[in-house]
Amino acid sequence: MVRLGLTRVLAVGCAEVFDADDGSLLLADAERLRPDVVVLAQDGAQARQLCAGLRAVSPDMKVILWPRDEDRMEIFDPGDAAPRRLAAALPEALLDELGCGHPTTERK
């Protein structure tokens, strides 16, 4: 459910979304495509290992670890060893972090 919501927010906001369940495929895609940002579910040691791998194959990429509770995130900026921690309302904070701004909604 969270993944579907995130995909919709990013697609409406500004980002092209690639969804991958397999970490090795994600690493290969990141090395080939060189995205500006990758957003990962923050679910323990596996996410941390994948984050380290992504940063190794594409050092100019920002990696955002987003927990399931959606009220905070860790941002690994290119060249920084430690993450920034951001506690804010999402998805607005995520869109701001990606430089997308906020999606507009029409009111009737």
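The values are calculated or read from the model by the stated rules, or taken from the named source; none is laboratory data. Just so we're clear, the structure is a prediction, and the values are computed from it rather than from any experiment. Methodologically, a virtual Cβ is constructed for each residue, glycine included, from the backbone with ideal geometry; neighbour enumeration extends over all protein chains shown.
A few comments on the model shown:
- Some residue of region 46-62 being of a type outside the set (Val, Ile, Thr) and modelled with pLDDT under 75: no
- Selection of region 29-49 for residues being in a helix (DSSP H, G or I) and under 24 Å from Ala87 (Cα atoms) yields Ala45, Gln46, Ala47, Arg48, Gln49.
- When region 50-78 is limited to residues that are part of a helix (DSSP H, G or I) and in contact (Cβ under 8 Å) with a residue 24 or more places away in the chain, the one that is farthest from the chain's Cα centre (by Cα) turns out to be Val57.
- Top-ranked residue in region 83-108 [being in a loop (DSSP other than H, G, I, E, B) and modelled with pLDDT of 65 or more; ranked as nearest to Lys62 (Cα to Cα)]: Pro83
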